[in-house]
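Working notes for the structure below.
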Amino acid sequence: MVSSGHPGFRTLFSTFGALHGILFRYPVPGVSIGSFRNWYRKHADFEDFGVDIVSHVSVFPHVTTHLHVADPATMKEITSNRLRFLKPVEQYGALSFFGHNIVASEGEEWKRYRKVTAPAFSEPNNKLVWDETVRIMNGLFDDVWAGKDTIVSDHVVEFTLPIALFVIGAAGFGRRISWQDDLVVPPGHKMTFKDALHVASTDVIIKLICSDWVLKNAPFKRLNKCKAAYDELEQYMLEMIASRRTEEKKEERYDLFSSMLDASADDLDGGAKMTDGELLG
C-alpha cells in the first residue's frame, strides 16, 4: 500500500519482536507485513514501489518507522558510519543474559569491547580452526567410522552438528572435544560441556523469549533443560577463566576465549579492565 509520505507499508504491528515472529510469519493486510517477507519477496517490493528505499510505519507496541534499503551506496553509508547511524541498543537487551557485550553496546562502550575482541580474530586463530577441523574429521574416520564399509545416516546434521560444536569448542573456547571424549559429566556439573554448548546453541530463541523463572519452573523438560544448559555453560566458562588466570605456566593459545582473556588483563582506557561477566557476554 502507499499512503502520504514515502512509499511503503502501513500496518498495526511492527515486524520486530519474538512474539510477532511467531504469530505473523506471513503477511496480513493492514495488520502485519510478515516476519518472513524479506526472504520470499526479496527485491519484489522495491520493484513494485519503484524505489530503492521502502518505508514501513507501524503503531504497536508503539509508533515506529522502519526503512528497508536496497541501494548499495546507502547501505554502505549506514553500516560504515557509526556516528550517524547508532545501533538501537535497547533492542539488544535480551542478548545480554551473560553480561554486557560488543553486540549489545554502542559508543565508547563498543569501542572498549572492540579493542579487546579485535585481536582475537587473527591468522593463528584461523589456522587453529583449520587444524582442529582436520583433527575432528580424522577422528570421525578413524574412531567412529573405523572398519565400516558403508555409513548410513537419516540426516546429515547427525554429523555436521557435532563437527561444528567440536570446532567451536576448540577454536572458540580452547576446549578440545573428541568423538569419544566428554562423555562423563565432570564433578560439580549436571551436563557435559559439549551438551551444554549444544543445547545453548539450539535453544537460544527459547532463552530470549522466556524468563529464567519460566525456564526453571515450567512443567516442560525442554525449558528446564535450556535453563540448565545456560547455567552449566556459564559455570564452565567461569571455571576456564579462573583456571587460565591462575595457571603457573602460561600456555600459548590462539582460541578466541584465551585471546580475549589475555587482552582483558591489559589496562584499557586508563586502567579499566573487563570483568568476568563482561568476558562471558
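None of the figures in this text is laboratory data; all of them are computed from the coordinates on show. Since we're looking at a predicted model, the values are computed, not measured. Note that we place each Cβ from the backbone using ideal geometry, even for glycine, and neighbour counts take in every protein chain shown.
Of the listed pairs Lys111/Lys225; Lys194/Lys216; Lys111/Lys216, which have alpha-carbon separations greater than 32 Å here?
Numbers: Lys111/Lys225 35 Å; Lys194/Lys216 21 Å; Lys111/Lys216 36 Å.
Where the Cα-Cα span goes over 32 Å, the pairs concerned are Lys111/Lys225; Lys111/Lys216.
State the percent of C-alpha pairs, over all pairs in the chain, separated by a distance greater than 31 angstrom.
Working: 18014 of 39340 pairs.
Summing the P(r) of the chain above 31 Å gives 46 percent of all pairs.
Select from Leu140, Tyr254, Ala120 the residue farthest towards the positive end of the dipole of segment 116-280; place +1 on Cβ of Lys and Arg, -1 on Cβ of Asp and Glu, and compute about the Cα centre.
Of Leu140, Tyr254, Ala120, it is Leu140.
May I ask what percent, to the nearest 5, of DSSP beta bridges between residues of the chain are antiparallel?
On the way: 8 of 13 bridges.
Restricted to the chain, the bridges split so that about 60 percent are antiparallel.
Going by Cα centres, segment 11-70 and segment 137-172 are how many Å apart?
40
Can you give the calculated 222 nm mean residue ellipticity of the chain, where each DSSP H run of n ≥ 4 adds -39,500 (n - 2.57) and the sum is split over every residue, rounded to the nearest 500 deg cm²/dmol? Mind dumping the intermediate values first?
Working: 13 runs with 128 residues, N = 281.
Result for the chain, helices only: -13500 deg cm²/dmol.
Taking the Cα centre as origin and putting +1 on Lys and Arg beta-carbons and -1 on Asp and Glu beta-carbons, what dipole magnitude results for the chain, to the nearest 20 debye?
Numbers: 32 positive and 38 negative charges, 154 e Å.
The dipole magnitude comes to about 740 debye.
Tell me the relative contact order for segment 8-85 as a rounded percent, counting alpha carbon contacts under 8 Å between residues six or more apart.
Numbers: 106 pairs, mean separation 22.0, N = 78.
Computed value for segment 8-85: 28 percent relative contact order.
Among Phe166, Phe9, what is the fewest-to-most ranking by other Cβ atoms within 10 Å? Before the final figure, lay out the partial values.
Values: Phe166 26, Phe9 23.
Taking fewest neighbouring Cβ atoms as first place, the list is Phe9, Phe166.
In the calculated pair distance distribution of segment 116-280, what percentage of Cα-Cα distances lie above 21 Å? It would help to have the intermediate numbers written out before the result.
Working: 7709 of 13530 pairs.
So the portion of pairs separated by more than 21 Å is 57 percent.
Normalised by the number of residues in the chain, what is the relative contact order in percent for Cα pairs under 8 Å and 6+ residues apart? Spell out each step's value before the answer.
On the way: 301 pairs, mean separation 45.6, N = 281.
16 percent.
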